Ligand SMILES: [Zn+2]
Ligand SMILES: [Zn+2]
């Protein structure tokens, strides 16, 4: 069991549709309201943990995946929270399992939406700039998506339409104060617009920046090129908002936050409860574990490349278990490998050949490189 937590409704063994109240020493109450989030396959993140924070200006963090907005409102109602009690909904980042439910939520409540400034750029459509004709009605944040037409034609068009017309109160870079004891931090890498929310010295809502049990996937630095025109002139440096190195810098910022605020209860967006057990997060040690995980993965990739040059998919096939490579799995796995290869190219340990295969240079500077980031 997590400290300060009281289960009000039991969910299933993954935690779907639980209701949990966290009552912190100052009297601040936060409700954890995990909504269903399953796309099929073996890459199950578990439900999306949305949080209702009953601060001086009460607010909601995240809206669940597409189709879960009304369900989230019903779950709030069951614990006596009405949307009229809330001031705004803050979106932790632009992934669909966090802002998909906005379509229903906004229609039913007219809550103000707050999110990072990059979110406000990436949710819009720019038909003339989309990388493929079939994606001209996609928001810029979805241009890199590799799901097939059978998936997005069923799941995404209404979501895209609602985002297009959304009014967003934007939050800036670095640390921003939203209320007397409410601060946000821009911690990109998993997504360029990731925000964490700190409630005094008591709690940190981290979205997908840190998760227990599983490692959040890092973006690829190359994703910047695709949306560069859309987010210029405010953002011109790919490495500042995309890629594994950027994500690692965010992990290091979290270690500093943990040092300055050692008592924080960490509230992640997935897996807080999963497989019938709680997964408490110690901020500094989980961040260090994830750093070690990425160092280890870089080492494994260099090993795999030592025999001969390989494409990302070949490295993925050697590195990941077969069941993780089924269906869309191979695409997610290759994405993960490419983001590590980008870092290994920065450290000089890997080079990319003209045919897009990666080759080991013979160096092993990645650990020093990661430590110096
Ligand atoms: Zn995410
Ligand atoms: Zn997520």
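FYI, it's all coordinate maths here, none of it is from the lab. No experiment lies behind these values; they were computed from the predicted model shown. Glycine also receives a Cβ, built like all others from the backbone with ideal geometry; neighbour counts cover every protein chain displayed.
Taking all Cα-Cα distances within region 1-121, those exceeding 18 Å account for 49%. Taking the empirical scaling 2.2 N^0.38 Å for compact globular proteins as reference, region 168-277 has a Cα radius of gyration ratio of 1.12. Considering the zone a paramagnetic label at residue 70 would reach in this model (a point 7 Å from Cα along the Cα-to-Cβ line), which residues of region 89-103 have amide N under 14 Å from it? Zone members listed by number: 101-103. The peptide list 3-11, 120-128, put in order of mean Cβ contacts within 10 Å with the highest first, becomes 120-128, 3-11. Could you check what % of the DSSP bridge pairs in the chain are antiparallel, to the nearest 5? Within the chain, antiparallel bridges account for around 70 percent of the total. Which residues does a label at residue 237 reach in region 330-373, if reach means a backbone N under 20 Å from a point 7 Å past the Cα toward the Cβ? Zone members listed by number: 342-348, 369-373. In the elastic network of the chain, a GNM with C-alpha springs shorter than 10 Å, the most mobile of 313, 17, 107 is 107. Extension gain for residue 331-residue 372 works out to 11.8 nm (0.36 nm per residue, less the C-alpha to C-alpha distance). Sorted from longest to shortest, the spans of the Cα atoms of region 295-372 along the three principal axes equal 36, 27, 17 Å. Rounded to the nearest 10 degrees, the angle from helix 329-346 to the longest Cα principal axis of the chain is 70 degrees.
Relative to the longest principal axis of the Cα atoms of the chain, the long axis of helix 69-78 lies at roughly 40 degrees. Over all distinct Cα-Cα pairs of the chain, the Kirkwood formula returns a hydrodynamic radius of 21.2 Å.
Mind checking the angle between helix 244-260 and the chain's longest principal axis? C-alpha axes, 0 to 90 degrees, to the nearest 10. Between the helix axis and the principal axis of the chain, the angle is about 40 degrees. In this simple spin-label approximation, residue 306 and residue 23 carry label points 7 Å from Cα along the Cα→Cβ vector, and these lie 5.7 nm apart.
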